[in-house]
Amino acid sequence: MAVKDRLAPHIDARRLTESLSALVRLRSVTGEEDAAQEWMAKTLAELGGDVDVWRVDPADLKARPGYPGARVDSPRLNVVANFPGPGGPTLVLNGHIDTVTPGDEQGWTHAPFAADVVGDRLYGRGATDMKGGLVAILGAVGAVRAAGIRLQGSVQVQSVIGEEDGGVGAFAALERGHTGDAVIICEPTQLAVIPAHAGVTIFRITVPGRAAHGCVRAEGVSALERFLPIHSALRALEEERNRTVRHPLYQGMALPWPLSIGMVHAGTWPAIVPERLVAEGRVGVGLGETVEDVRRQLEAAVEGAAQADGFLRDHPPTVEWVGGVWEPSRPSPDHPMVRMLQRVAADVTGTPARVCGAPYGSDLRLFTNMFGIPGVLFGPGDIRLAHFTDEYVSLAEVERAALILAAAVCEYCGVR
Ligand SMILES: [Zn+2]
C-alpha cells in the first residue's frame, strides 16, 4: 500500500479543528507568545517528541552575526521537539507562533480570538498566518505515529517566536544547534511549493514642517503636504523597481517587490498645522538584490523629492531603517527535496503543485543563507487573508496539508 494511503485514515479532521480552535483562542501577538507556546510544548510532548523549551532573550543574541533585528525585545518561550530516528536525514518542520495584531477589532465580523467555524472556514487572527500550518505539522506527525510508521531519519518540529518582527525565534533555534538537512516552513502558500522569498526592510521617514494656528495656516508649513511629493516619489520608485528587477520564479506577478506605507502620524491638534510627519513602511528586496542596494535607492528617491521642494531643500526629511530585516532567501528550486514535495503534493491533491516565489519575507532565509539548509515554504491558507480582518483558513486545506506533510516526512526520512 502506498504510504499516502496508510496515512490518510489517520488524518483526524475533528482533532485538527479542535487543535486549531485552541491555538487561535490563545492570543499570541508578537511579544505575547508564551501561553500558545506552552500549549505547543505540551501537545508535542503528547505526540512523543523530545521537547526543548527555553526562554529567548533578544538582548543575548544582538551581538551574534546575522542577528535579524527585533522591535519587541522581551524574553519569550521558544519550542523545538525532536523525533529522532536511528539514522538518516533530519527534516525540520517550522512554523511561527506569533501573529500580527488584530488591528481594530470592530472591523471583524468574527471576533479575532473566538475561532468561529462556519462551513469549511475557521476564522481568527493567525488562522492562516500561520497557526493552520502549525496544526498541519501536528497532524502530520500524529498521523505518522498513529499509522505505526517507523522512520529511518529524524523529524524536528520548531514553533518559533517573533517571525513577524524579523525572525528572532528561528535565529535562536538555529543558533542553539537545532538544525537539519532540509526545512519546510508551513507558511500559507495554498499548497504551492515556494522555494524562494523576497527580502523586506522597514523604513521610517520623518518629514519636518512648521507649526501655526490653523486659522493662519499659510504662516505655517504642513508636514502632511510636504509628505505628498515624497509619497509620489516612492510610488514611482516602486513602479520602476517592479518593472526592472525580474526573476523567473516571479514571472507573471504584477508586484513582486511592493513598497507599502503602513503607519503615518502627523500633528497634535485639529487646529494646528502639523510640524512633523512620521511615516513607516516596508519595501521589498528582489532576489539577487541586497538590502543595502534597495535602501540606497529609497534614500535617493526621498532626497530627490526633497531637493525639488522649496521648503524640504532647507529642512531635509530623514530616513531611518528600523525593526526587522529580511534578506531575500537563497533559492534552491532544483533541490531533490523541492521536487519530492511537488510530487507528493500532486499525488495527494490530484493536480500539479504550483512552484513560484513569494513576495513576502520569512524565516526561510535564516535557514538557507546562514546555515546552508535548503528549504521551501509550503502550507495551507492564502497569504492575501493574512494580516487582514476576518482572516480565516480552509479546514479542508489544513487536512490536505497535514497528509502531504506526513507523506513528505516518510519519503524524505525513509521508512524502516
Ligand atoms: Zn507568516
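A few notes on this one:
- Debye, to nearest 20: dipole size of region 1-44, +1 on Lys, Arg Cβ, -1 on Asp, Glu Cβ: 260 debye
- Between Ala22 and Leu47, the modelled labels are 1.2 nm apart [label points 7 Å from Cα along Cα→Cβ].
- Cα centroid separation - region 223-238 against region 320-359, whole Å: 34 Å
- Across Pro316, Pro102, Pro188, mean-square fluctuation computed from a Gaussian network of the chain (C-alpha pairs under 10 Å connected) peaks at Pro316.
- For His213, net neighbour charge (Lys/Arg +1, Asp/Glu -1) across residues whose Cβ lies under 15 Å away: 0
- Principal semi-axes in Å for region 200-326 [√(5λ), Cα gyration tensor, largest first]: 32, 13, 12
- For the chain, the calculated P(r) over all alpha carbon pairs, in 10 Å bins from 0 to the bin holding the longest distance, is 5, 22, 30, 23, 12, 6, 2, 0, 0 percent.
- Under a Gaussian network description of the chain, with springs only between Cα atoms under 10 Å, the residue in Pro328, Pro86, Pro195 that fluctuates furthest is Pro86.
- Nitroxide proxy distance, nm - points 7 Å out along Cα→Cβ at Arg296 and Thr101: 3.6 nm
- Cα centre as origin, Lys/Arg/Asp/Glu Cβ charges: the chain dipole, Debye: 700 debye
- Highest GNM mean-square fluctuation among Gly142, Gly252, Gly288, for the chain modelled with Cα contacts below 10 Å: Gly252.
- With a Förster radius of 51 Å applied to the C-beta separation of Arg243 and Glu219, the computed FRET efficiency comes to 0.75.
- Rounded FRET efficiency, nearest 0.05, which uses the C-beta distance separating Asp390 from Arg313 and R0 of 41 Å: 0.35
- Simple Cβ-charge dipole of region 72-144, Lys/Arg +1 and Asp/Glu -1, about Cα centre, in debye nearest 20: 260 debye
- Fully extended contour minus Cα-Cα distance, from Leu61 to Arg210, at 0.36 nm per residue: 49.5 nm
- Rounded to the nearest 500, the helix-only mean residue ellipticity at 222 nm of the chain stands at -10000 deg cm²/dmol, with each DSSP H run of n ≥ 4 adding -39,500 (n - 2.57).
- Radius of gyration, Dmax [region 300-416; alpha carbons; angstrom]: 21.2, 74
Values quoted throughout were computed directly from the atomic coordinates according to the rules given, and no laboratory measurement underlies them. The structure displayed is predicted, hence computed values, not measured ones. All Cβ positions, glycine included, derive from the backbone under ideal geometry; neighbour counts span all protein chains shown.
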